[in-house]
Every structure is written in structure tokens, then in C-alpha cells.
């Protein structure tokens, strides 16, 4: 699956992180400095003996509190997660429902993964390991994150590569179909379906793009 890394296309969220890193010449895991990331966004970071969280004081002043009682690798994940909340979800969230909160947690987790282990760096560190566990351990050490975090990050990368491979297959199918018909038109009773026509005759039908 990792052979497909050369075709990788970052998501918009990951691309935003990558562009920030490129502007600041961040090229390796050792260059990743989340406190600098926060500083650039005018966010104060404090290490305190209570659960990690973020706070909005006034105007555009935010602070992130990182739990200093947990291992350093987990502190980095906590900082990245809270940084994601501030950058992506600033503003009052008092009246959010549970589903919306779950979505924001999901997005903050994704931000943390892209910030701490962007794909363009992973591609330089993925090696032929004897097992998945060995690969996870090697990458977790290289990127200074917990192994459970890196295991989830590899899962996310593999799923993204599968999605890209599927998208390319679909593009090839559409290209082949396009060569076999003159035009298409929507099914009169079903917006999700369209007919393919060649030389005035229907030669097939398919699901419309976007459905």
C-alpha cells in the first residue's frame, strides 16, 4: 500500500499544515515545534498539573493548558489536539449538541495527526519493517509520539491511500466510458441515474457524479 505514496494527495486540512511547514522550512520531525506554531497564531501555551484544555480570554487572546503530569510524548499530542481546536473551532461553543462536539473532536484529532506526523515526512521514514508493530515503534520513536498515536496515524494514511487508489480507478472507468458514448442525459424519474447515448442509441446507464 505504501508504494502508492508517490500518488498521495493531501486533504485540505493537511495541506494547510504542510504549507505552514514549508514556509518555515520545517522538513523533518526534529524541526516540528508546536509552540512556534502556537506563537505564530498568537496563542499562549502553559504546562500545568491538570487536564489539557484551551481557553479564550478576550478579543483574540487564547491560551492552551497542557497537562504536565503525563509523559512528554502524550503532552505533545495534547498540545496538538488543543491547538487544532483553537485554530479550527474558535468562538463560543456553549450551545453545540453532542454530534457537533464529536465532529470537532474528530477534526482536532486529525489536525494533531497531520501536525505531528505529516505524510511528506512519513514517506521519508517508512522502511521495510519485519512487522507492523516494528514499523509503528520505529515511527513513534522518530516522530516523538506515543505508539498508539502512530498506529492510528498509519491507519489514517492507509485509508487515505486506499481512497486515492479507488478514486483513480473510478477516473479510469469514467474515461473508458467517455470514449464509448457521445453524450449522457439524466433519468427523468431518478436524479441519481444518467443514460449514456451513442449514435442515438442508449448504450448504458450509470450513477451520476456526486450521488
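Could you check how many residues of segment 107-132 are in a helix (DSSP H, G or I) and touching a helix residue (DSSP H, G or I) at 6+ places or on another chain (Cβ under 8 Å)?
17
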Conditions (1) closer than 21 Å to residue 18 by Cα; (2) without any contact (Cβ under 8 Å) to a residue 40 or more places away in the chain; (3) surrounded by 11 or more Cβ atoms within 10 Å (Cβ to Cβ) -> residue 133 fails only (1)
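Take residue 55 and tell me if it is assigned by TED's automatic domain parsing to the domain that holds residue 158, within 26 Å of residue 73 (Cβ to Cβ) and surrounded by 14 or more Cβ atoms within 10 Å (Cβ to Cβ).
When the stated conditions are applied, residue 55 does not pass them.
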Exactly one of 21, 62 is more than 21 Å from residue 145 (Cβ to Cβ), in the same structural domain as residue 121 (by TED's automatic domain parsing), touching a residue at least 12 places away in the same chain (Cβ under 8 Å) and crowded, with 18+ Cβ neighbours inside 10 Å, and that one is 62
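Listed here are the residues, each with its yes/no results for (1) under 18 Å from residue 156 (Cβ atoms); (2) out of contact with any strand residue (DSSP E or B) (no Cβ under 8 Å at 6 or more places or on another chain).
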| residue | (1), (2) |
| --- | --- |
| 7 | yes, yes |
| 11 | yes, yes |
| 20 | no, yes |
| 49 | no, no |
| 72 | no, yes |
| 84 | yes, yes |
| 98 | no, yes |
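Listed here are the residues, each with its yes/no results for (1) assigned to a helix (DSSP H, G or I); (2) touching a helix residue (DSSP H, G or I) at 6+ places or on another chain (Cβ under 6 Å); (3) modelled with pLDDT under 85.
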position	(1), (2), (3)
136	yes, yes, no
139	yes, yes, no
145	no, yes, no
149	yes, yes, no
153	yes, yes, no
168	yes, no, yes
172	yes, no, yes
175	yes, no, yes
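The values are calculated or read from the model by the stated rules, or taken from the named source; none is laboratory data. None of these values were measured; they are calculated from a predicted model. Glycine also receives a Cβ, built like all others from the backbone with ideal geometry; neighbour counts cover every protein chain displayed.
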